[in-house]
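Here is the structure we will look at, set down as structure tokens.
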Amino acid sequence: MAWGCDALLDGEPVMAVDPVVVLSLEEPLLDVEQAAALLNVRPSWVRDATRAGRLPCIRVGRHLRFTRPMLEHWAAQHRIENAGAGARFARRARRV
């Protein structure tokens with residue numbers, strides 16, 4: 001699901017925040033490293049996923065920022081519902 005964004009990161013478009021998710025700056029903005037830690041992935045994955053339009057972000061100048069609710073909403077949308085599907089994915093991932 002892409003919401004579109006006119007912002008660029010290294011000359012490539014970056015996905016904007018889902019307009020349904022209400023932004024509140026009561027919580028601190030997370031940087032790429034903090035978002036990666038929350039998602040348990042590498043910071044390079046966060047940058048790549050944002051650049052590819054798979055992960056929503058907030059642009060502050062040249063910087064990518066995230067809110068915890070934004071990442072939680074994204075993670076909930078990408079949760080694997082069927083335990084069997086998760087097991088198949090895990091087996092496939094081990095072979096690679």
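The values are calculated or read from the model by the stated rules, or taken from the named source; none is laboratory data. Predicted, not measured: the structure shown is a model, and the values here were computed from it. Neighbour counts are summed over all protein chains in view; Cβ atoms, including those assigned to glycine, are modelled from backbone coordinates with ideal geometry.
Some values worked out for this structure:
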item: In segment 19-55, residue modelled with the highest pLDDT [restricted to those that are among the hydroxyl-bearing types (Ser, Thr, Tyr) and under 16 Å from ARG68 (Cα atoms)]; result: THR50
item: Among (1) at pLDDT 55 or above; (2) under 16 Å from TRP74 (Cβ atoms) - the single one ALA16 does not satisfy; result: (1)
item: Residues (assigned to a helix (DSSP H, G or I), of a type in the set (Lys, Arg) and touching a helix residue (DSSP H, G or I) at 6+ places or on another chain (Cβ under 8 Å)) located in segment 29-53; result: ARG47
